[in-house]
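**Student:** Before I ask anything, here is the structure I am working with.
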Amino acid sequence: MKSPVSSSRGTGPAPGAILAALLLLTLGAYWQAGSGGWVAYDDTSYVTGNPMVNLGLRSAALGWAFTATHGANWHPLTSLSHLLDCTLFGLQPAGPHGVNVVLHLLNTGLVFGLWRRLTATLWPAAVVAAFFALHPLHVESVAWVSERKDVLSTALWLSALLAYVRWVERGTRARYAVLLGFTAGALMAKPMTVTLPFTLLLLDYWPLRRWPARSWRMLVWEKVPVFALALAASLITMRVQHGAGATDFGAEITPGMRVGNALVAYARYLGKTVWPDALACFYPHPGWWPWWAILGAALLLAAGSVLVWRERERRRWLAFGWCWYLGTLVPVIGLVQVGAQSMADRYTYVPLLGIFTLLAWGGAELLAARPALRPALAAAAGLAVVACAVRTWQQVPVWRDPLTLVAHLRAVTGEHPVYFREMANALAVSGRPVEESIAQYRLGWERFPAHAFFATELAMHAARAGDFRTAYPLLERAREIHPRLSGVYHNLGDALLKEGRLPEAERQLRRSLEIEPDSGPTLRVLADVLIRQDRLADCAEVLRHAVAASRWDWKAWNALGLTEDRLGRRSTAIAHLEHAFWINPSDRAVEINLGILRGTGGR
């Protein structure tokens, strides 16, 4: 298990002292995170605007965490962690930010301990841990509460690696069960951990060197249960993200565009690792990159891979680091397009461990060959770590509040559709007048008329104000742009309902349901249309469909209860309202309705 490059065993600092110093430096670099607030970018859907989360731990929330999707993902352990945050801290952001930092410190300790145990080295392991702890590309994963899944899943991933090392040392069933437990936990915290089995095979190659003493077939066979867990998580994730519409943007990106972006993204991540400047919460997808950018990235990756292949026996750490980097990025490199981004800083949290390993062991080998370079190499490493710490300190405040984050996004990436959308959201959650958000939607629509989102938002604002003469042309234009976008028909039906044009509203809502049959919001609006026409039986049927599609839709349960009462089924109605109140006891309307049916007046 020892590395071919070993550290000196002189009278240098103790490992505990090195780790303590590193943790203190990391805590200092992230100290400002504790004073940060919520941001509009996903925090509203993950925590602040989600009553299944922000009411804290309770029986309904526990059931929801394991059986429902959250942020277009199934990650129950992450959802549970947010629930626990809300139970302990309410909606005060300091607590959740602190938990993220603590998990990052834990991960730093795990990296240091694991790399040191695997390779029997001190300083190379410390260098890997230092860059992992302080590199500014990791700020997004730590300073953004919604990225709890990143720091939590990595803690479980690294624990799984440690459990695997212990099983290799003594292969008992109990130790293998621990490995499976941590693997399952990592997969239930973030789907990106599906490459965990692959990293176990890399450990077999280096530094454990179990191959070629054992055949690859045997090494894979012993990990079949781990691969089975990863496969199950992959299938769940694909189904969830497709059902949530997270892959819809991919329909506009051709396979050639995806491959080109994947190649460029690999190179861009390396560039930002070396020079971490112009970091942003969102990097727009350009569609086609220039041919020279794709060719240059392909040549860079090919050159690195050829070098690794040639040195695969003499410098196994080179192949380990390179394959770790390339392999762990595969789920998020864009071959399967999820969302509209071309890359994301958060995706580097685990993959850069491979690059940091290359740097640390490359430096150690150079030092072994030329001991006279020790002062220069030590100074260079120290300066690089300090530079990372300073850059991280500068990057953390970017996540302080919604408007600061979006202003920084514009400064780095310019104006694009996502910028205008997020600025409108940031203004809304910051309590600014609604006219300011509308102005952002209007600017976005003027500059990017091919994006139906701005037209629908402007239309719905107009409809709420009773200005249907403005709303309908906008919705019709949105329908022309995206005839298969269910939300356009939903919004058109909602606007027609507000104007009292019920048959037309029903027609548009049913067109929306042809595209997305299980949409809870659309089913509830359709039920409202039907009940206003006194079609109680049809309304009840639609609402039963809604609660069957999503058992956690308390609004549908509430509406179904009221409809059942009008149909003369009081006991059934009360049962449905009780279920709605169990799901969300903060909804005052549900409480009042239940009280009226029980005869207590909602008290």
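**Student:** Can you show me the helix-derived [θ] at 222 nm for the chain, built from DSSP H runs with n ≥ 4 at -39,500 (n - 2.57) apiece and divided by the number of residues, rounded to the nearest 500. Show your work: numbers first, answer last.
**Tutor:** Working: 29 runs with 410 residues, N = 603.
Rounded to the nearest 500, the figure is -22000 deg cm²/dmol.
**Student:** For V39, V240, what's the fewest-to-most ordering of other Cβ within 10 Å of each Cβ?
**Tutor:** Listed from fewest to most nearby Cβ atoms, that is V240, V39.
**Student:** Check cross-link reach from K555 to the lysines: straight Cα distance under 23 Å, and skip same-chain residues fewer than eight apart.
**Tutor:** Correct list for K555: K498.
**Student:** Normalise the Debye intensity by I(0) for segment 550-603, one equal point scatterer per Cα, no solvent, then take log10 at q = 0.23 Å⁻¹ and round to two decimals.
**Tutor:** So the normalised log intensities work out to -0.74.
**Student:** Right, here's the next one. How far is it, in nm, from the label point at V306 to the one at A232 when both lie 7 Å from their Cα along the line to the Cβ?
**Tutor:** 4.5
**Student:** Which aspartates and glutamates have a Cα lying under 12 Å from the Cα of K190, excluding residues fewer than 8 positions away in the same chain?
**Tutor:** In chain and number order, the partners are E147, D150.
**Student:** Picking from P284, F66, G185, whose Cα lies most toward the positive end of the charge dipole for segment 15-399 (charges on Cβ: Lys, Arg +1; Asp, Glu -1)?
**Tutor:** The one lying farthest along the dipole's positive direction is G185.
**Student:** Now for a separate question. If I stretch the segment between R566 and L91 completely, what's the gain in nm (0.36 nm per residue apart, minus their alpha carbon distance), one decimal?
**Tutor:** Working it through step by step, the gained length comes to 167.2 nm.
**Student:** Sort Y266, Y205 by Cβ crowding within 10 Å, fewest neighbours at the top.
**Tutor:** Ascending Cβ contact count within 10 Å gives the list Y205, Y266.
**Student:** Setting aside same-chain residues fewer than 8 positions from K149, which aspartates and glutamates have a Cα under 16 Å from its Cα?
**Tutor:** D42, D43, D85, E140, D345
**Student:** Rounding to the nearest 20 debye, state how big the charge dipole of the chain is about its Cα centre with +1 on each Lys and Arg Cβ and -1 on each Asp and Glu Cβ.
**Tutor:** 2160
**Student:** Scan (1) 52, 26, 20; (2) 102, 23, 21; (3) 48, 27, 23 for the value of semi-axes √(5λ) of the Cα gyration tensor in Å calculated from this model and give just the label.
**Tutor:** Answer label, from the structure shown: (3).
**Student:** Let me ask you something else. Taking 8 Å as the Cα distance limit and 6 or more residues as the minimum spacing, I'd like the relative contact order of segment 402-551 as a percentage.
**Tutor:** This gives 13 percent for segment 402-551.
**Student:** Please report Rg (one decimal) and Dmax (integer) in Å for the Cα set of segment 402-551.
**Tutor:** Cα radius of gyration and Dmax of segment 402-551 are 17.1, 55 Å respectively.
**Student:** Which of W216, W291, W206, W157 comes first, and how do the rest follow, when ranked by fewest Cβ neighbours within 10 Å? Write out the running numbers ahead of the final one.
**Tutor:** Values: W216 12, W291 9, W206 24, W157 27.
Ordered from fewest to most neighbouring Cβ atoms within 10 Å, W216, W291, W206, W157 come out as W291, W216, W206, W157.
Rule-based calculations on the coordinates, nothing more; no lab input. This is a predicted model, so every value here is computed, not measured. Methodologically, a virtual Cβ is constructed for each residue, glycine included, from the backbone with ideal geometry; neighbour enumeration extends over all protein chains shown.
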